[in-house]
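Heads up, the thing below is written out as structure tokens.
The values are calculated or read from the model by the stated rules, or taken from the named source; none is laboratory data. From a predicted model like this one, the values you see are computed outputs, not experimental measurements. So basically every Cβ, Gly included, is an ideal-geometry build from the backbone, and we count neighbours across all protein chains shown.
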Amino acid sequence: MPRYALLILPAFNRVYGESAIRLTRSELGVFGDRALEAPISAVEESSIGGVPYVTFETGAELGERDIALLSNLSSVYALFGMEGELLRPLRMEPLDRLSSDLLTIQKYAGKTNEHFTKLLLNVTVLASDFTFERHLSVFDPMCGRGTTLNQALMYGYDAYGLDVDTKDFEAYGLFLRRWLKDKRLKHTAETVPVRRERALAGKRFNASFALSKEAQKAGDVQHVDVVNADTLRSRDFFKPRSFDLIVTDAPYGVQHGSRGGGGGLSRSPLELIAKAVPGWAELLRPGGAIGISWNTYGGNRDELASILGGQGLQVLELPGFEHWVDQAIVRDLMVARKPA
């Protein structure tokens, strides 16, 4: 049977790097189950020349589309066909269409590792009825300074976000304006007040850009829309069935609390999620999917599955993604699909 090897991208975060091999194996399994034409088996960690790889077998040679899909694995650096003791490099065709510094420039306490953000987006796409190649709309209802939004933009998608923290909202708007200007991309960007019944309800940052003048004329334009408001009010700012995917990294309740709607800070992210999910589910298109990562010290899988299932979402069993972040955080993810 054809055999292949994945070389894992080195992680700047040592702790995440220690989990990268295992997380890649789990992510590869989801790709194999839900997207690839060639069936995958014998997924394992292997040492080749003293370097760790993830190796796997397929029932048939990988075609161009399968190779292109695997090029988007969150921690993959290179893909090889194995021929005896030799490795034959395969041409990678990732979706990323923007410079990687869109994800790496921002440095701040509490930033989600960008490899994990990409992994969470990947498995959420795979849980949906949609394909990676489609021009998707991605909503992060607790977007912080926009790591998820930026990964969506890397894939050529439209990015929508909402966050209650004014400093994070303003920091993201300033960053993206500067980045678009530095890259000399044709763009527009503005921050405007949002009013409801003549009262200020929040602020909104809107931007749109194209990779070139020709792309803009052809309608190949990406949009960013971020609102500074409480996530429990998501339905006040976005229309029902607006988004293909909802992807979010819930507050961990450690360095910062999560708003639960009562004015105070909650240590449990599930309290906030339970109150927010009904509104989020309304914003999701049929066939779309929601992906949430959270600190398991704030609630277990059964509790989160019950919250999502209670809104008519179909929870997928995707084991193998739980991993240690620090002594107060063990992170896991869950994805659920909205029936078509």
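Observations on the model:
So that you can scan it fast, the table gives a plain yes or no per residue for (1) modelled with pLDDT under 95; (2) among the charged types (D, E, K, R); (3) part of a strand (DSSP E or B):
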position: T124; (1), (2), (3): no, no, no
position: A152; (1), (2), (3): no, no, no
position: A159; (1), (2), (3): no, no, yes
position: Y172; (1), (2), (3): no, no, no
position: F175; (1), (2), (3): no, no, no
position: E190; (1), (2), (3): no, yes, yes
position: S208; (1), (2), (3): no, no, yes
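- Complete set of residues in region 33-54 that are within 17 Å of G320 (Cβ to Cβ), touching a residue at least 24 places away in the same chain (Cβ under 8 Å) and crowded, with 18+ Cβ neighbours inside 10 Å: V54
- Region 126-150, subset part of a helix (DSSP H, G or I) and touching a Leu at 6+ places or on another chain (Cβ under 6 Å), residue farthest from E93 (Cα to Cα): A127
- Residue within region 275-296 that is part of a loop (DSSP other than H, G, I, E, B) and at negative phi present: no
- The numbered conditions (1) modelled with pLDDT of 95 or more; (2) hydroxyl-bearing (S, T, Y); (3) assigned by TED's automatic domain parsing to the domain that holds V15 are all true for T117 except (3).
- In region 207-218, the residues that are closer than 21 Å to L149 by Cα form Cβ pairs under 8 Å with partners that are hydroxyl-bearing (S, T, Y) and surrounded by fewer than 16 Cβ atoms within 10 Å (Cβ to Cβ), at six or more places apart or across chains, as follows: A207/T188; S208/T188; F209/T188.
- Residue among L73, L95 that is over 30 Å from K275 (Cβ atoms) and either of a type in the set (D, E) or in contact with a strand residue (DSSP E or B) (Cβ under 9 Å, 6 or more places away or on another chain) (or both): L73
- Qualifying residue in region 155-171 (condition: among the charged types (D, E, K, R) and in contact with a His (Cβ under 7 Å, 6 or more places away or on another chain)): yes
- Yes/no for G81 being outside the structural domain of Q327 (by TED's automatic domain parsing), surrounded by 15 or more Cβ atoms within 10 Å (Cβ to Cβ), among the small types (G, A, S) and part of a strand (DSSP E or B): yes
- Against the conditions (1) buried (at least 18 other Cβ atoms within 10 Å of the Cβ); (2) in a strand (DSSP E or B); (3) of a type in the set (A, V, I, L, M), L102 satisfies every one except (2).
- So S306, is it surrounded by fewer than 17 Cβ atoms within 10 Å (Cβ to Cβ) and at pLDDT 95 or above: yes
- Filtered by the rule that a residue be in a helix (DSSP H, G or I) and crowded, with 22+ Cβ neighbours inside 10 Å, region 161-170 gives a lone residue, F169.
- If you check W280, W324 for being of a type in the set (F, W, Y), in the same structural domain as Y252 (by TED's automatic domain parsing) and modelled with pLDDT of 95 or more, only one passes: W280.
- Number of positions in region 175-193 that are more than 19 Å from S137 (Cβ to Cβ) and in contact with a Lys or Arg (Cβ under 8 Å, 6 or more places away or on another chain): 5
- Residue in region 189-203 that is in contact (Cβ under 8 Å) with a residue 40 or more places away in the chain and surrounded by 16 or more Cβ atoms within 10 Å (Cβ to Cβ) present: no
- Residues of region 105-122 that are part of a helix (DSSP H, G or I) and in contact (Cβ under 8 Å) with a residue 60 or more places away in the chain: H115, F116, T117, L119, L120, L121, N122.
- Within region 13-35, the set of residues being part of a loop (DSSP other than H, G, I, E, B) and at pLDDT below 85 comprises N13 only.
- Within region 313-331, if we keep just the residues that are farther than 26 Å from P286 by Cα and touching an Asp or Glu at 6+ places or on another chain (Cβ under 9 Å), the residue that is surrounded by the most Cβ atoms within 10 Å (Cβ to Cβ) turns out to be R331.
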